[in-house]
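Working notes for the structure below.
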Amino acid sequence: MRAFVAIPLPGGFADWLRTCRATFALAVPSIRLVPAASCHITLRFLGELPGEQVGDAAARLSLSLSGVSGTSVVLDRFGVFRRDGHPAVLWAGPSVTSQALTGLAATIDCSLSGLGSNGRVERFAPHVTLGRFAPGTRDDEAAAIQAGPAEPFVVPVTDIVLYESIMGQGHPVYIARASVRLAPSYCIM
């Protein structure tokens with residue numbers, strides 16, 4: 001199965017995204033938007049994970065995250081990933097990535113080492129994929145979205161989920177195969 005580990009987004013994300021989408025549609029009418037229910041923040045893409053390794057992956061996540069405190073991520077900017085020099089993906093992400101989030105991703109990366117088919121080592125760049133640009137989208141259209149303000153949306157990081165990605169027509173379907181609850185975080189003022 002195709003698998004990845006991610007932070008699920010809270011219910012209020014759909015409302016936040018609905019507000020943003022009006023702006024996206026005006027700037028780039030041909031953008032294909034990702035359904036809110038499919039949005040998440042990927043921490044580790046595993047690629048192909050044999051079914052017999054799902055239990056091992058879940059156990060490793062549970063063990064490595066035992067006692068790790070939750071945190072939060074503030075989605076407060078839009079960005080564009082490019083492919084072959086052209087706008088390809090519209091995303092939302094934090095303007096500042098906390099050490100807690102970077103550490104969480106590193107812990108997960110280490111704990112799942114050797115599992116799955118993804119052997120690439122990539123710098124962690126937290127983001128939520130919001131849509132894909134149609135071929136021929138002009139740079140100025142994508143830049144208009146990227147330069148626009150993003151009303152900050154706070155994502156509480158309380159659970160980490162191992163998802164199966166089922167490819168089909170249209171958008172993939174994600175099924176939670178395991179979940180780990182992080183320890184409560186406490187602020188001392």
Pairwise FRET efficiency - Phe81 versus Glu48, Cβ, R0 = 22 Å, nearest 0.05: 0.45
Degrees, to the nearest 10: 54-65 long Cα axis against longest axis of the chain: 90
Between helix 12-27 and the chain: long-axis angle, C-alpha atoms, 0 to 90°, nearest 10: 30
Cα→Cβ-extended label distance, 7 Å offset, between Ala144 and Arg32, nm: 2.2
Rounded to 5, the percent of DSSP beta bridges in region 2-181 classed as antiparallel: 100
Given charges at beta-carbon only (K, R positive; D, E negative), |dipole| of the chain in Debye: 100
Gain in span if fully extended, Thr19 to Ala125, counting 0.36 nm per residue against the direct Cα distance: 35.8 nm
Rounded tilt (10° steps) of 99-111 against the dominant C-alpha axis of the chain: 60
In Hz, Karplus ³J(HN,Hα) per residue of region 133-139 (6.51, -1.76, 1.60; θ = phi - 60°; x = Gly, Pro): 7, 6, x, x, 4, 7, 4
Estimated FRET transfer efficiency (His171, Ala59; beta-carbon r; R0 30 Å; 0.05): 0.50
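Provide Met167, Met1 in ascending order of the number of other Cβ atoms located within 10 Å of each residue's Cβ, fewest first. All intermediate terms of the calculation are to be shown ahead of the outcome.
Values: Met167 9, Met1 17.
By the 10 Å Cβ count, ascending, the order reads Met167, Met1.
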Value of [θ]222 nm, deg cm²/dmol, for the chain, DSSP H segments ≥ 4, -39500 (n - 2.57) each, nearest 500: -8500 deg cm²/dmol
Option label - Rg and Dmax of the Cα atoms in Å computed here, alternatives (1) 19.2, 62; (2) 17.0, 51; (3) 19.4, 58: (2)
Part-to-part distance (alpha-carbon centres) for region 43-84 and region 116-189, which is given in Å: 10
Charge dipole of the chain about the Cα centre (unit charges at C-beta), most positive-ward option of Val161, Ala142, Ala105: Ala142
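Every number here is computed from the coordinates shown, using simple stated rules; none is lab data. Keep in mind that this is a model prediction, so the values were computed, not measured. Cβ sites come from the backbone with ideal geometry, for glycine too, and all protein chains shown count toward neighbours.
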